[in-house]
Amino acid sequence: MEMETNFLSIREHAYRYLKELILEGHYKPGDRLIERELAVKLNISRTPIREALFRLESQGFVKTVPRKGVIVSNISDEDIMEVFTILSSLEVLAAKLAAKKMTDEIQKEFDQKIEELLYIEEHSDETFENEHIEMNLLLYKAARSPKLFEILSGLTDYIHMSANMGYVTPGRRKESLREHIEIMKAVRNKEIEMSEYLTKIHIENSRRAYMNYIEKRKEKTT
């Protein structure tokens, strides 16, 4: 049983490690991911690497190309913009439901998360990325809608990716952190309309930051 648990943790580590490198842009679209080299880099066997790559391929992050092997997929700007369109409806709905269904127990979780975000804001917003996804999942959970949670949690990787790219806009990381704190406070205090409004503003600001990233990228290639 212990060996099986260890193997699962190694497989999960390999998957998360590779996905993180793709999301943060360390591996670019078209880059080859070679099992042997990755296994040496992580000091593990090739089996968990192979399974991690299968999993990433099923999610669209990599693809297998004849005579090339596994390469990083090109997630288009259109894909990301589509995610923003979805979020403009569903994440706003999640904030509304979370505020409406707020309980004392969930409020305590929000209080703790708000404290953590305030600490990050005061000391170093560079660590915000680690909290970003956790904060989103807490918000989705608080909505207490299993189907909505399933849909939105399935988009967290794209949210992570677009946020990282949007941070090229000077001050956007700090601005985004402040937006999240205000959203969490409004939801925690059961301010339904304010929760909806602040979430809409945040998504629009994130969309604009991503558009700015696209423009900067185009400037570099011309």
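The values are calculated or read from the model by the stated rules, or taken from the named source; none is laboratory data. None of the values given here were measured: they were computed from a predicted structure. Heads up, the Cβs are rebuilt from the backbone with ideal geometry, glycines too, and the neighbour counts pull from every protein chain shown. Just so you know, the surface numbers come from the protein's heavy atoms only, side chains and all, with ligands and any DNA or RNA stripped out. Shrake-Rupley method; radii C 1.70, N 1.55, O 1.52, S 1.80 Å.
Report the Rg/Rh value for the chain, based on alpha-carbon coordinates and the Kirkwood definition of Rh.
On the Cα set of the chain, Rg over Rh gives 1.00.
Angle check, please: helix 77-100 long axis (alpha carbons) against the longest principal axis of the chain (alpha carbons), in degrees 0 to 90, nearest 10.
Here the helix axis deviates by roughly 40 degrees.
222 nm [θ] for the chain, helices only, -39500 (n - 2.57) per DSSP H run of 4+, per residue, to 500?
For the chain, the value works out to -25500 deg cm²/dmol.
Work through the residues other than ILE49 whose Cβ is under 12 Å from its Cβ and net out their charges, Lys, Arg +1 and Asp, Glu -1.
+3
So with the 1.4 Å probe, I'd like the accessible area per residue for region 109-222, rounded to whole Å².
Accessible surface, normalised per residue, equals 54 Å².
To the nearest 10 degrees, how steep is helix 192-221 against the longest Cα principal axis of the chain, on a 0 to 90 scale?
Roughly 40 degrees, rounded to the nearest 10.
So who's got an amide H within less than 5 Å of the one on VAL62, skipping anything under 5 residues away but keeping other chains? H placed 1.01 Å off N, in plane.
Under 5 Å from the amide H of VAL62: GLU57, SER73.
What is the gain in length, in nm to one decimal, between THR47 and GLU215 on full extension, counting 0.36 nm per residue of separation less the C-alpha to C-alpha distance?
Here the answer is 56.4 nm.
Using only Cα atoms, tell me the angle between helix 128-142 and the longest principal axis of the chain; keep it within 0 to 90° and round to the nearest 10.
Helix 128-142 and the main axis of the chain meet at about 60 degrees.
Using only the alpha carbons, work out the radius of gyration and Dmax of region 46-87 in angstrom.
Both quantities, over Cα of region 46-87: 13.0, 39 Å.
What full-extension length gain, to one decimal in nm, is calculated for LYS63 and GLU134 as 0.36 nm per residue of separation minus the Cα-Cα distance?
Result: 22.8 nm gained on full extension.
Please work out the C-alpha center-to-center distance from region 128-175 to region 104-125 and express it in whole Å.
Region 128-175 and region 104-125 have Cα centres separated by 15 Å.
Checking the cross-link filter: which aspartates and glutamates have an alpha carbon closer than 13 Å to that of LYS200, excluding same-chain neighbours under 8 positions apart?
Here the aspartates and glutamates satisfying the reach criterion relative to LYS200 are GLU91, GLU179, GLU182.
At 0.36 nm per residue, and after removing the present C-alpha to C-alpha distance, how many nm does the segment from GLU37 to HIS13 gain when stretched out fully?
Full-extension gain reported as 7.0 nm.
Below 24 Å, Cα to Cα, which lysines can LYS19 reach? Residues fewer than 8 away in the same chain don't count.
Straight-line reach from LYS19, under 24 Å: LYS28, LYS41, LYS63, LYS68, LYS141.
Kirkwood Rh over alpha-carbon pairs of region 62-161, then Stokes-Einstein at 10 °C and 1.306 mPa s: what D in µm² s⁻¹, rounded to an integer?
102 µm²/s
Between region 11-25 and region 27-88, what is the C-alpha centre distance in whole Å?
9 Å
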